[in-house]
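Undergrad: Structure in structure tokens, see below.
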Amino acid sequence: MKYQQLFQMQKELDRHIETNHQLQDVDLFERKVLALLVELGELANETRCFKFWSLKPSSPQETVLEEFVDGIHFMLSLGIECGFSQEEEFAITLDKAESVTGQFLSVYNGIGYFRTSRSLEHYKELFTAYLNLGEMLGFTPSEIEKAYIEKNEVNYKRQAEGY
């Protein structure tokens, strides 16, 4: 993925939102962490991976991808908030949980570690865990990038419409 391009797009969207809502001097870190946690929960809900009591299948792949990309927006935004937007690469690794449910829990744990430390090391671990989750859900880097760009445009439109 072209991380520099995505960081730049997110930086511009963040600036646009912060200006429109007079938030330029407000520390938004905690709110962005909570937003990421909520988006992660919405993603899990669409996959239904934890709903052992239900026979209903996962939402369509395009719905799951859109929810996944919502998380990418907040992942990038948190990196920008901490000054990590110059990172070149986050590699998908073989260090994955044995199940999608387990990977969701790894991402939740990663969010907690990063929230406490705000370190580059924990940010990279979190971003990698999230990308691993995306791979486990069947998404390629190019699909994620394309969906991010499309959702970024939707977010600008929403802002213009008073979302």
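Undergrad: Which pairs, out of Lys96/Lys157; Lys56/Lys157; Lys51/Lys96; Lys11/Lys56; Lys2/Lys56; Lys2/Lys51, put more than 30 Å between their alpha-carbon atoms?
TA: Result: Lys96/Lys157; Lys56/Lys157; Lys11/Lys56; Lys2/Lys56; Lys2/Lys51 exceed 30 Å.
Undergrad: Tell me, in nm to one decimal, what length is gained between Glu12 and Leu120 on full extension, where the rule is 0.36 nm per residue of separation less the Cα-Cα distance?
TA: Extra length from Glu12 to Leu120 when fully extended: 36.7 nm.
Undergrad: Here's a follow-up. Between Val154 and Phe50, what is the spin-label point distance in nm, taking each point 7 Å from the Cα along the Cα→C-beta axis?
TA: Inter-label distance under the simple model: 2.3 nm.
Undergrad: Carbon and sulfur atoms: what percent of the 1.4 Å accessible area of the range 105-149 do they account for?
TA: C and S fraction of accessible area: 55 percent.
Undergrad: Run the quick spin-label model on Gln4 and Tyr113: label points 7 Å from Cα toward the beta carbon, then report their separation in nm to one decimal.
TA: For the pair Gln4/Tyr113, the computed spacing is 2.8 nm.
Undergrad: Sticking with this structure for a sec: So which trypsin sites (Lys or Arg not before Pro) in the range 34-116 are both in a DSSP loop and have at most 13 other Cβ atoms within 10 Å of their Cβ?
TA: Lys51
Undergrad: Another question, then. Is the C-alpha gyration tensor of the range 56-163 telling us rounded, prolate or oblate? Criteria: a/c under 1.5 is rounded; beyond that, a/b larger than b/c is prolate, otherwise oblate.
TA: Oblate, because a/c is 1.5 or more while a/b does not exceed b/c.
Undergrad: Additional query: So with the 1.4 Å probe, I'd like the accessible area per residue for the chain, rounded to whole Å².
TA: Heavy-atom accessible area per residue stands at 55 Å².
Undergrad: Val26: net charge of surrounding residues, Cβ under 15 Å, Lys/Arg +1, Asp/Glu -1, itself excluded?
TA: -3
Undergrad: A further question on this structure: For labels at Leu34 and Thr19 in the simple 7 Å Cα→Cβ model, what's the distance in nm?
TA: Calculated label separation equals 2.7 nm.
The values are calculated or read from the model by the stated rules, or taken from the named source; none is laboratory data. Note that the structure is predicted; figures quoted are calculated from it, not measured. Counting neighbours? That spans all protein chains shown, and the Cβs are built from the backbone with ideal geometry, glycine included. Keep in mind that these areas ignore ligands, DNA and RNA; they rest on the heavy atoms of the full protein, side chains included. Shrake-Rupley method; radii C 1.70, N 1.55, O 1.52, S 1.80 Å.
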